[in-house]
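Take a look at the structure below.
The values are calculated or read from the model by the stated rules, or taken from the named source; none is laboratory data. Source: prediction; values computed, not measured. With ideal geometry, Cβ positions are generated from the backbone for all residues, glycine too; neighbour counts draw on all protein chains shown. We work out accessible area using only protein heavy atoms, side chains counted, and drop any ligands, DNA or RNA first. Shrake-Rupley method; radii C 1.70, N 1.55, O 1.52, S 1.80 Å.
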Amino acid sequence: MNTAPTPAIEPTSKRYPDWKLFLGLSRTPHGVLDMATPAMAALLWLGRFPPVGTIILGIITAFAGYTAVYALNDVVDYKIDKKRLSLSETHEPLFDMDGLFVRHPLAQGLISLKAAVLWTLFWACVALVGAWMLNPLCAVIFIISAAFEAIYCKLLRITHLKIIPSAVVKAGGGLAGVYAVDPNPSPAFVVLLFIWLAAWEIGGQNIANDIVDMEDDAKVQARTTLTVKGMRESVFIMIVAVSMAVIAGVFAYRLSAGTLGALYPIGAALLGWFLLLQPARAVYNNPGPETAARLFNWAGFMPPAFLVLITLAILVKT
């Protein structure tokens with residue numbers, strides 16, 4: 001009989017510093033990429049750089065807004081996430097940027113619900129104040145986006161049409177960016193921007209993530225596009241949405257107030273091909289979690305990539 005003492009197991013909550021837990025709650029790596037969305041939309045509309053004060057306030061507000069909304073998702077969903085984790089088999093997870101820190105720390109019991117709620121409320125207040133200072137309409141957009149994020153979470157087991165509020169949330173960031181620099185943008189530009197970002201979210205993010213999570217979603221009776229429509233129709237919707245996003249992204253500059261020159265449409269077409277169409281084609285040819293995870297990850301880089309493209313187009317023009 002082995003009488004050697006059993007080594008003490010360090011509590012799971014002590015394995016990570018607190019900052020990693022809270023940044024994991026807010027999916028900060030993904031949020032930082034999404035922060036480029038309002039900046040990208042603002043520069044695309046203006047065709048020039050806004051005042052430095054607006055840029056600084058916009059960065060703070062965007063970080064706070066995405067930090068709050070992503071944390072809200074985990075707070076509202078923590079019970080179902082906890083069940084999902086309890087039913088998941090132990091296996092090596094596919095890489096995705098949401099898991100660079102700690103995935104679902106609230107559901108894992110690594111932080112308390114009270115701490116998670118306080119973290120969410122703090123950043124929501126920062127975002128609300130910053131948005132109001134930029135333009136009161138931006139504050140309204142933030143409130144609507146947060147409400148739609150909560151609705152999206154609550155519809156998990158009710159309808160696959162929860163994809164609609166998810167698309168509204170992602171498009172809301174871009175709309176807020178435009179109204180932060182111009183209270184009266186072109187309605188046509190706003191509509192095209194909404195279509196672009198909503199289609200990107202539906203095809204490159206939401207449905208792709210549904211395919212990655214298809215086994216876990218089935219275990220918790222989640223109603224997603226994939227579980228309701230099946231793989232073939234889901235991939236078709238994904239391809240259509242991604243194609244719409246690429247086309248809208250290329251032609252959005254035609255409706256903007258500024259001019260970006262030939263660099264933008266050429267660059268937009270190339271980015272659309274490499275970040276969206278190529279990965280989506282791989283899913284079409286070989287549908288499954290691996291190819292869908294690659295699409296999800298590559299599509300996540302669309303906002304910062306377009307931000308770099310638009311910045312270069314402005315600099316070349318000037």
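Quick one: is V220 modelled with pLDDT of 95 or more and either buried (at least 16 other Cβ atoms within 10 Å of the Cβ) or not acidic (D, E) (or both)? Criteria not met by V220. Count of segment 248-263 residues, restricted to those that are buried (at least 20 other Cβ atoms within 10 Å of the Cβ) and modelled with pLDDT under 95, is 4. For segment 133-149, filtering for residues that are touching a residue at least 60 places away in the same chain (Cβ under 8 Å) and open to solvent by 30 Å² or more (accessible area, probe 1.4 Å) leaves 3. Restricting segment 278-293 to residues that are in a helix (DSSP H, G or I) and surrounded by fewer than 20 Cβ atoms within 10 Å (Cβ to Cβ), the residue that is farthest from the chain's Cα centre (by Cα) is N285.
Take the conditions (1) surrounded by fewer than 15 Cβ atoms within 10 Å (Cβ to Cβ); (2) at pLDDT 90 or above; W123 misses just one of them, which is (1). Do you know which residues across segment 170-193 are within 23 Å of I55 (Cβ to Cβ), open to solvent by 10 Å² or more (accessible area, probe 1.4 Å) and in a helix (DSSP H, G or I)? Residues satisfying the conditions are K170, G173, L175, A176, Y179, A180, V181, V190.
Among the residues making up segment 105-137, a single one is assigned to a helix (DSSP H, G or I) and among the hydroxyl-bearing types (S, T, Y): T120.
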